[in-house]
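Quick notes on the structure that follows.
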Amino acid sequence: MGLLRKTFCTGLLGVSASATCLAYLAAKNPVVAPLPASDPLWKSRLFYSRNPARNTPTSDVCIRRIPLSKIRPELLQKDGELAVEFCRGIWSGWGYAIQRMYLEFKWKGPETLQQLWSTEQLAESRYDKGTRITDHFEVVEKTASSITVRCGDSPRNQGPRPSDGLFVMTATVDKQRDEVELQLKSCLFPSSGSHTGPRGPMPAWMEELHQWYARIWCETASWKLMI
């Protein structure tokens, strides 16, 4: 596993990301976009309360499957541990490292010191409701299988925003396939003003970049769950 991770990182950080590396990301972390009409997020209290104007969102879900035999055994002993560790892997992993450092440089100060900033804090938090992450994310719901954060602006801005949205991180055991399924679900929208039309707020090129970023988050976070 160590060699695989080293090869992946080397390829991804090269001057031009290799076709092999991108193919690996796409194969291991497929993205479904937009979210199906049957997805429970569309009927959730969170979506209705955060998007009262029903503005058209940009939505997708990135999926990563891992054989149960490769999962750290202690994460399977108690409900909720898989989801917490997946969340830890997203925020403390190197996939988020550059954005974390940028936000720390820009926003860390006396008024945000109570938030999670360091890699150690991000790797150890339980991500209970109300936890604030690098002045850009806030945990708004936590269940045994998922953790949902609000995104798009500082959590100090609790009102409607030009940029808003939800990330749902889910980890479940698929006993029929002897696998753990990880999902990183994105639903991004403006919660202030009115945005109509068939597409969400992101132009196509930005949506594609977002999906590759989600793949990187999902892949690097999955490493934290594995033996």
Inset, instruction - Starting from the stretch 206-218, keep only residues that are in contact (Cβ under 8 Å) with a residue 60 or more places away in the chain, then list their pairs with residues that are open to solvent by 30 Å² or more (accessible area, probe 1.4 Å) whose Cβ atoms are within a distance under 6 Å, requiring at least 6 positions of separation or different chains. - result: Gln211/Val31
Legend entry - Failed criterion for Pro155 (all others in (1) open to solvent by 20 Å² or more (accessible area, probe 1.4 Å); (2) assigned to a loop (DSSP other than H, G, I, E, B); (3) in contact (Cβ under 8 Å) with a residue 12 or more places away in the chain; (4) not aliphatic (A, V, I, L, M) hold): (1)
Legend entry - Qualifying residue in the stretch 139-147 (condition: more than 30 Å from Leu76 (Cα to Cα), of a type outside the set (S, T, N, Q), at pLDDT 95 or above and over 12 Å from the mean Cα position of the chain (by Cα)): no
Legend entry - Residue list for the stretch 83-125, filter: closer than 21 Å to Arg64 by Cβ, at pLDDT 95 or above, open to solvent by 20 Å² or more (accessible area, probe 1.4 Å) and not polar (S, T, N, Q): Arg88, Ala97, Ile98, Arg100, Ala123
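Does at least one position in the stretch 46-62 carry a residue that is over 19 Å from Asp164 (Cβ atoms) and either in contact with a Gly (Cβ under 6 Å, 6 or more places away or on another chain) or open to solvent by 10 Å² or more (accessible area, probe 1.4 Å) (or both)?
No - not one qualifying residue is present in the stretch 46-62.
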Inset, instruction - Identify all residues within the stretch 23-63 that are among the aliphatic types (A, V, I, L, M) and without any contact (Cβ under 8 Å) to a residue 24 or more places away in the chain; write none if there are none. - result: Ala23, Ala27, Ala37
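The values are calculated or read from the model by the stated rules, or taken from the named source; none is laboratory data. Everything numeric in this text was worked out from a predicted model, so none of it was measured. So basically every Cβ, Gly included, is an ideal-geometry build from the backbone, and we count neighbours across all protein chains shown. Ligands, DNA and RNA are stripped out before the accessible areas are found, and what is left, the full protein with its side chains, is counted by its heavy atoms. Shrake-Rupley method; radii C 1.70, N 1.55, O 1.52, S 1.80 Å.
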